[in-house]
Amino acid sequence: MITLSSDFGSPYPAAMKGVLAARTDAQLIDISHDFPRQDVRATAFWLREVLPYFPPAVHLVVVDPGVGTDRAALAIRAGEHVLVGPDNGVLIPVARALADEDSGGIEIFEYVYDDPESVTFHGRDVFAPAAATIHEAGRSGFETSDRFVPVEEYEGLTFPEPTIREDGVDGEILVVDDFGNAITNVPGEVLADCFGEAVTVNGVWAPARRTYAAVEVDNRLVTVGSHGNVELAVNQGRGDERFSVSPGSRVRLRWT
């Protein structure tokens, strides 16, 4: 199985699938090709939330603002999975999530490739061939091919930590989903004693509820999403608009 994730929209993913289909009979599964354009952090967040639900697979990820530069191409062995993509941090959070204690953590390799046909489409010319090679060779292929060189230095990516206080928490909006739910970096546990009560978000009152439908349509609420983080939402509306936030916005929650 090979999964594909990118910010390409259409039709570019079809070219990557064509390369893969010519080199392997692997099952191809699209995660999304509509990740926010050139947004490494948002893509890293969503991959961390989605890919751990898959069985062992090769995961091809191409959100690559540095395409054509001297940034490296990486293949990361994480547990029973392998991640393939650019060395810009996008693979690191999900690699940590996929790694298990028995695997000894993550192993990172640089993929050494020949001059590609295009300097602007490494998804087709670099990463898709690498993913096909890994799928066909299996996990042992790293040791038998001179195209994969172990590395210890790479671009990391971590998500900001919230500051938890006695009367609330200071955090940040990480991503906004297609429903307009503004997902923070605040762990859901901080709302454990607040459900059924009210909090303020940047000074704006909002009820803390477990479900969207617990408030009237078009009303604000603060809840905990399936990702386990606090999110700012509106029942059948857009939380980002009603709370006036976007990715990177600072958020101050206070108990009332």
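The values are calculated or read from the model by the stated rules, or taken from the named source; none is laboratory data. This is a predicted model, so every value here is computed, not measured. Heads up, the Cβs are rebuilt from the backbone with ideal geometry, glycines too, and the neighbour counts pull from every protein chain shown. Accessible surface is based on the protein model in full, side chains and every heavy atom, while ligands, DNA and RNA are left aside. Shrake-Rupley method; radii C 1.70, N 1.55, O 1.52, S 1.80 Å.
Points worth noting:
- Top-ranked residue in the range 216-234 [being surrounded by fewer than 18 Cβ atoms within 10 Å (Cβ to Cβ) and farther than 18 Å from Val190 by Cβ; ranked as farthest from the chain's Cα centre (by Cα)]: Glu216
- Selected residue (criterion: most open to solvent (accessible area, probe 1.4 Å)) from residues of the range 128-160 that are among the hydrophobic types (A, V, I, L, M, F, W, C) and in contact with a Gly (Cβ under 7 Å, 6 or more places away or on another chain): Leu157
- Here the condition is being hydrophobic (A, V, I, L, M, F, W, C), more than 19 Å from Leu20 (Cβ to Cβ) and touching a residue at least 24 places away in the same chain (Cβ under 8 Å); of Val126, Val94, it holds for Val94 alone.
- Positions within the range 17-43 being assigned to a loop (DSSP other than H, G, I, E, B) and either among the aromatic types (Phe, Trp, Tyr) or within 17 Å of Ala137 (Cα to Cα) (or both), in sequence order: Thr24, Asp25, Ala26, Gln27, Phe35
- Residue within the range 44-65 that is in contact (Cβ under 8 Å) with a residue 24 or more places away in the chain, more than 25 Å from Asn181 (Cβ to Cβ), assigned to a loop (DSSP other than H, G, I, E, B) and touching a Leu at 6+ places or on another chain (Cβ under 6 Å) present: no
- A single member of Thr184, Thr163 is open to solvent by less than 40 Å² (accessible area, probe 1.4 Å), of a type in the set (Ser, Thr, Tyr) and in contact with an Asp or Glu (Cβ under 9 Å, 6 or more places away or on another chain), and it is Thr184.
- Every condition in (1) outside any helix (DSSP H, G or I); (2) crowded, with 19+ Cβ neighbours inside 10 Å; (3) in contact (Cβ under 8 Å) with a residue 40 or more places away in the chain; (4) more than 22 Å from the chain's Cα centre (by Cα) is met by Ala206 except one, and the failing one is (3).
- Lone unmet requirement of (1) closer than 16 Å to Ser5 by Cα; (2) open to solvent by 20 Å² or more (accessible area, probe 1.4 Å) for Arg71: (1)
- Residue within the range 112-127 that is under 19 Å from the mean Cα position of the chain (by Cα) and either open to solvent by less than 80 Å² (accessible area, probe 1.4 Å) or not β-branched (Val, Ile, Thr) (or both) present: yes
- Across the range 144-179, the qualifying residues are those that are of a type in the set (Phe, Trp, Tyr) and out of contact with any Phe, Trp or Tyr (no Cβ under 6 Å at 6 or more places or on another chain), and the one among them that is farthest from Ala208 (Cα to Cα) is Tyr154.
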